[in-house]
2 protein chains.
Amino acid sequence: MQSLRPNPRLRRAGARFHLRRDFRSATVANLGPGFDFLGCAVDGLGDHVTLRVDPSVRAGEVLISEITGTTTKLSTNPLRNCAGIAAIATMKMLGIRSVGLSLDLHKGLPLGSGLGSSAASAAAAAVAVNEIFGRKLVREELVLAGLESEAKVSGYHADNIAPAIMGGFVLIRNYEPLDLKPLRFPEDKELFFVLVSPEFEAPTKKMRAALPTEIPMVHHVWNSSQAAALVAAVLEGDAVMLGKALSSDKVAVKKAALEAGAFGCTISGAGPTAVAVIDAAEKGEEIGERMSVACVKKLDKVGARLVSSVSR
Amino acid sequence: MQSLRPNPRLRRAGARFHLRRDFRSATVANLGPGFDFLGCAVDGLGDHVTLRVDPSVRAGEVLISEITGTTTKLSTNPLRNCAGIAAIATMKMLGIRSVGLSLDLHKGLPLGSGLGSSAASAAAAAVAVNEIFGRKLVREELVLAGLESEAKVSGYHADNIAPAIMGGFVLIRNYEPLDLKPLRFPEDKELFFVLVSPEFEAPTKKMRAALPTEIPMVHHVWNSSQAAALVAAVLEGDAVMLGKALSSDKVAVKKAALEAGAFGCTISGAGPTAVAVIDAAEKGEEIGERMSVACVKKLDKVGARLVSSVSR
């Protein structure tokens, strides 16, 4: 196990406490036929975590000092809060046993929206802890830390936490051992999402309980083929094919989106957010109007990242 | 509808009858998690069709004059023979109502091997008829003609006939309307298959009847994710990932193949042929020995083709 080694650059600057702020993008998981094994990161939406080494906190522990933003009903008990659980898991992986951390969480995502609210907090916390101690862990290791939080809050599924941390599209190939396959959307192409979030919550655990335990073979073959087409569409940067593959799910707002020119539409995560895909931002505005309240967001190719760093 | 227009080049040469010979490669369908929607063509194995315009055959009809090769128990009734059905379907699509055709079929593939024996004959016949009348139909149209044969013989499935005609890997995205997505394996990379065909037949219709009608959701998700990984592996030319994805099926000879260095192993089609993948031919020989009787074949990137053309 490693002992605490604060970021050498900060140490050189004589910093005693490190203030870090990380921003994490929202994720669209399930992605129609990619149910439970394919997710992607959406730019410009997400949670913020502010982190500092705090001498008043017991070594190896995390204090959640403040929760602000879209919801304040989250627990500040670090063992029952996504950011807290992920931060502690990351500290353990780093072998940090000599200092404690203070964490502020700003929620940019509503709970139960299907946009990976829990993963957004966990990703920000895991990346922040790794940053503050000199980036010793690679992204795949941070996904493992984030998964500890996901397992407790919404189920042992990596399709939100993996893209939240790694950016872009991520295919979950296996859990034992965790085997992640980033699917690179071509650098020279653009992908936008039109997101519609109705005003009600759809808690993941409740929604998952409503799923059938068996599915007909014919649906299995159909869904698998659409998932396969979805992967081909991502790798080839084909927004039209991507939209068609997504749309193999049935969605209420789908018709309006398709009529307005979207390439496809599905429910994100456990819902109720609906998502449509396009390749230009302006087209998204019209589609959004027809789908009622909506926002247009870009594919986030980077994942959770450091937003600002202040030493004091 | 078009009337008969023999290939103009042959007409210029004063040819009255056209002798055509087409070779068609075998196919590996189902491909583990790609069950029923993904297949690929294998080079150097397959059926031959020899075709000629025959004044003794009634206009718009096909006479099967000879069947040779690995099996002779096939019907020579063109309405009950894969090559005959596909040839007639192709003639209909071309609007050929003024001449009849004579067809010799040389079977290079055993029946019920899982290597798409019926599709091999249908593909050769469809491509041959299209060739003899000047290539008016595109490959996707020929797949439709071949599908008429498949529907009668082994079921309405395009995962053999599509790669048999188009070459390479083909993803079947939809049937109504038929929507085929060729998956291009990178030109600069190689892919080899080690094929083991036990000495018994596994008729497709019988094998399909043994399939479960429902599958557990958890298996659905697992299989879909492996299918998705398989597509990524093909497009990126990653033989190792391709092998791993294939192996998500359970196969008796699998262990021996993997121990000898194959990247993965599965049952082809309805079986009993087992197939392993590698990226170099010599490695295949060793794996083949361990899997008992086997042959090493290359991915066929082209599909059914004209082998020779004689005018007389």
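The values are calculated or read from the model by the stated rules, or taken from the named source; none is laboratory data. Everything numeric here is computed off the predicted structure, so don't read it as measured data. Here Cβ is always computed from backbone atoms with ideal geometry, including for glycine, and neighbour counts include all displayed protein chains. The protein model used for the area step is the full one, side chains on, heavy atoms only, and it has no ligands, DNA or RNA in it. Shrake-Rupley method; radii C 1.70, N 1.55, O 1.52, S 1.80 Å.
Laid out as a table, the results:
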{"item": "In region A:269-292, the residues that are closer than 15 Å to A:Gly34 by Cβ and at pLDDT 70 or above", "result": "A:Val275, A:Val277"}
{"item": "Test: B:Ser248 is within 12 Å of chain A (Cβ to nearest Cβ), at pLDDT below 90 and in a helix (DSSP H, G or I)", "result": "no"}
{"item": "Condition check for A:Lys152: open to solvent by 10 Å² or more (accessible area, probe 1.4 Å) and within 18 Å of A:Ile88 (Cβ to Cβ)", "result": "yes"}
{"item": "When residues of region A:74-99 are limited to those that are over 17 Å from A:Ala145 (Cβ atoms) and in contact (Cβ under 8 Å) with a residue 24 or more places away in the chain, the one nearest to the chain's Cα centre (by Cα)", "result": "A:Leu74"}
{"item": "Failed item in (1) open to solvent by 40 Å² or more (accessible area, probe 1.4 Å); (2) in contact with a strand residue (DSSP E or B) (Cβ under 9 Å, 6 or more places away or on another chain), with B:Phe192 passing the rest", "result": "(1)"}
{"item": "Residue under evaluation A:Glu201, criteria (1) within 15 Å of A:Cys40 (Cβ to Cβ); (2) at pLDDT below 85, criterion not met", "result": "(1)"}
{"item": "Check on B:Gly261, open to solvent by less than 40 Å² (accessible area, probe 1.4 Å), at pLDDT 70 or above and on the phi > 0 side of the Ramachandran plot", "result": "yes"}
{"item": "Residue within region B:209-222 that is facing another protein chain (nearest Cβ under 8 Å), in contact with a helix residue (DSSP H, G or I) (Cβ under 8 Å, 6 or more places away or on another chain) and modelled with pLDDT under 80 present", "result": "yes"}
{"item": "Restricting region B:297-312 to residues that are farther than 15 Å from B:His48 by Cβ and surrounded by fewer than 20 Cβ atoms within 10 Å (Cβ to Cβ), the residue that is modelled with the lowest pLDDT", "result": "B:Arg312"}
{"item": "Residue within region A:29-43 that is touching a residue at least 40 places away in the same chain (Cβ under 8 Å), over 30 Å from B:His219 (Cβ atoms) and surrounded by fewer than 20 Cβ atoms within 10 Å (Cβ to Cβ) present", "result": "yes"}
{"item": "Test: A:Asn130 is under 22 Å from B:Val218 (Cα atoms) and either outside the structural domain of A:Thr266 (by TED's automatic domain parsing) or touching a helix residue (DSSP H, G or I) at 6+ places or on another chain (Cβ under 6 Å) (or both)", "result": "no"}
{"item": "Residue that is closer than 30 Å to B:Ala274 by Cβ, aliphatic (A, V, I, L, M), open to solvent by 20 Å² or more (accessible area, probe 1.4 Å) and not in a loop (DSSP other than H, G, I, E, B), where the choices are B:Ile85, B:Ile67", "result": "B:Ile67"}
{"item": "Residue in region B:132-148 that is over 21 Å from B:Cys40 (Cβ atoms), at pLDDT below 95, open to solvent by 10 Å² or more (accessible area, probe 1.4 Å) and not in a loop (DSSP other than H, G, I, E, B) present", "result": "no"}
{"item": "First in region B:174-187 and at pLDDT 90 or above, second anywhere and outside any strand (DSSP E or B) and among the basic types (Lys, Arg), Cβ under 7 Å, 6 or more apart", "result": "B:Phe185/B:Lys301"}
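Per-residue answers, yes or no, for (1) more than 14 Å from chain A (Cβ to nearest Cβ); (2) of a type outside the set (Gly, Ala, Ser):
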position	(1), (2)
B:Ala26	yes, no
B:Gly32	no, no
B:Phe35	no, yes
B:Leu38	no, yes
B:Gly44	yes, no
B:His48	yes, yes
B:Arg52	yes, yes
B:Pro55	yes, yes
B:Glu61	yes, yes
